[in-house]
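Enquirer: Dropping the structure in here first, questions after.
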Amino acid sequence: MITLLLRRLVGLVVSLLVVSVLIFTVMDLLPGDPASIMLGTSASPDTLAALQRELGLDRPLPVRYLSWLGGVLAGDLGQSYTYGVPVAGLMAERLTLTLPLAAMAIVIALSIAIPLGVEAARRHNSVLDLVIGLFSYLGIALPAFWFGLLLILLFSVTLGWMPAGGFPGWQEGVAAGIQALLLPATALALPQAAVLTRVTRTAVLDNIGEDFVRTARAKGLREGAAIWRHAFPAALVPITTMLGLQFSFLVAGAVLVENVFNLPGLGRLAFQSLSQRDVIVMQNVVLFFAALVIMVNAVVDIVHLAVDPRLRKEAG
């Protein structure tokens, strides 16, 4: 067990190093020079060269990569070219919005997907199963930002119940912050809930006919209780696997949804940094997103060991 966890840790570190190299190389290949964008087209060559030296852009690519990686490991993410402030502080400020948004989206997705998936498996081939399947197909087909626009039209423009966008800040109170994030979190959650509903239905359906579920029924346990107490726990491995994979889609979807709802989160910061050619901010934001996805999937692997005794036996 300990050996397996150590292998997972080594794999995590190697993955992060490979991702950091790819991110730095791709960002360096993007067209446009940050110094030229900062000074404008009218800057003289001498002034441009001086700023490039000041920013370290005149050094070879491997030297710049090692310097950036060393700063990341030391907690120094550099200075934003556009905002003129430390990148670490800038990202920390935006994370106070993005992390609660992602957490709310996961809670909403699970609250929708688990009951619908279990009920669809329980009533296999019924009208309810077909209706839930239709919801899944629509949710998979339609993107999160489109759901966001529909939610704005319905709850903000037509009904006037919710704000159409913006974020007042947590200093205005937790209730005001949650109200501002509810529509974007729902927009993020609906496509993921649709996918998770299908996975839950299939996983539970595969376990309903197993001997341990039939034994529970034979002992007098009602159908619903037998499914929730026995079939559903046995289906948690594929469900948690899909949940870990969905985290990357939540991160990618946050970039579009935060722009639709005008939210000052990390996704919007990434979009603005790309348009302003603020490479140092982009590198760190993308690395953070990639590291978060890799670590979440590593945690999912550990959860698998906790919920499935067969995996623990194989690992042992």
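Enquirer: When only DSSP loop residues count, what chymotrypsin sites (Phe, Trp or Tyr not before Pro) in segment 127-183 have their Cβ near at most 11 other Cβ atoms within 10 Å?
Expert: On the way: sites: Phe135, Tyr137, Phe145, Trp146, Phe147, Phe155, Trp161, Trp170; in loops: Trp161.
Sparse-neighbourhood loop chymotrypsin sites (Phe, Trp or Tyr not before Pro): Trp161.
Enquirer: Just subtract the alpha-carbon distance of Leu154 and Thr25 from 0.36 nm times their residue separation and send over the number in nm, one decimal.
Expert: Numbers: separation 129, 0.36 × 129 = 46.44 nm, distance 4.34 nm.
Length gained between Leu154 and Thr25: 42.1 nm.
Enquirer: May I pose another question? Between Val299 and Leu12, what is the label-to-label distance in nm when each label sits 7 Å out along the Cα-to-Cβ direction?
Expert: For the pair Val299/Leu12, the computed spacing is 1.0 nm.
Enquirer: Specify which labelled value, from (1) 0.96; (2) 1.31; (3) 1.21, agrees with Cα Rg over 2.2 N^0.38 Å derived from the coordinates of the model shown.
Expert: Correct label, based on the coordinates given: (3).
Enquirer: Next question, about the same structure. In segment 40-126, what percent of the accessible surface is made up of carbon and sulfur (1.4 Å probe, ligands and nucleic acids excluded)?
Expert: Values: 2900 of 4700 Å².
Solvent-exposed carbon and sulfur of segment 40-126 make up 62 percent of the total.
Enquirer: In debye, nearest 20: dipole of the chain around its Cα centre with unit charges on the Cβ of K, R (+) and D, E (-)? Walk me through the numbers on the way to the answer.
Expert: Numbers: 20 positive and 19 negative charges, 232 e Å.
So the dipole magnitude of the chain works out to roughly 1120 debye.
Enquirer: Something else: For segment 164-172, take each phi angle, set θ = phi - 60°, evaluate the Karplus expression 6.51 cos²θ - 1.76 cosθ + 1.60, and give the result in whole Hz per residue in order, putting x for glycine and proline.
Expert: For segment 164-172, the Karplus-derived couplings read 7, x, x, 9, x, x, 5, 5, 7 Hz, x marking Gly and Pro.
Enquirer: If amide H atoms are built 1.01 Å from N in the plane of the peptide, which residues on other chains or at least 5 residues away come under 5 Å of the amide H of Gln79?
Expert: Long-range HN contacts for Gln79: Val87.
Enquirer: Quick one: compute the contact order of the chain, relative version, from alpha carbon pairs under 8 angstrom and 6+ residues apart, as a percent.
Expert: 25 percent
Enquirer: Taking Rh as the Kirkwood radius, which is the inverse of the mean 1/r over Cα pairs, what is the Rg/Rh value for segment 184-295?
Expert: Details: Rg = 20.2 Å, Rh = 16.6 Å.
Value, to two decimals: 1.21.
Enquirer: Going by amide H atoms built from the backbone, whose H comes under 5 Å of the H on Met162, apart from near neighbours?
Expert: Residues meeting the criterion, in which the H sits 1.01 Å from N, are Ser156.
Enquirer: Tilt of helix 266-275 relative to the longest C-alpha principal axis of the chain, in degrees (0 to 90, nearest 10)?
Expert: 40 degrees
Enquirer: Whole number in Å², please: accessible area per residue of the chain, 1.4 Å probe, ligands, DNA and RNA not counted. Numbers along the way, then the final one.
Expert: On the way: 16390 Å² over 316 residues.
Counting only protein heavy atoms, the per-residue value for the chain is 52 Å².
Enquirer: Using only helices, what value at 222 nm comes out for the chain when you add -39,500 (n - 2.57) per DSSP H run of length 4 or more and divide by the total residues, to the nearest 500 deg cm²/dmol? All intermediate terms of the calculation are to be shown ahead of the outcome.
Expert: Values: 14 runs with 236 residues, N = 316.
That calculation yields -25000 deg cm²/dmol at 222 nm.
Enquirer: Work out how much length Phe212 to Thr47 would gain on full extension: take 0.36 nm times their residue separation and subtract the Cα-Cα distance, in nm to one decimal. Let's see the in-between values first.
Expert: Working: separation 165, 0.36 × 165 = 59.40 nm, distance 7.56 nm.
Difference between extended and current length: 51.8 nm.
Enquirer: FRET efficiency for Lys219 and Asn125, Cβ-Cβ distance as r, R0 = 22 Å, nearest 0.05? Walk me through the numbers on the way to the answer.
Expert: Values: r = 26 Å, r/R0 = 1.20.
It comes out at approximately 0.25.
The values are calculated or read from the model by the stated rules, or taken from the named source; none is laboratory data. The structure presented is a predicted model; accordingly, all values stated were derived computationally and were not measured. Cβ: placed from backbone, ideal geometry, glycine included. Neighbour counts: every protein chain shown. Keep in mind that these areas ignore ligands, DNA and RNA; they rest on the heavy atoms of the full protein, side chains included. Shrake-Rupley method; radii C 1.70, N 1.55, O 1.52, S 1.80 Å.
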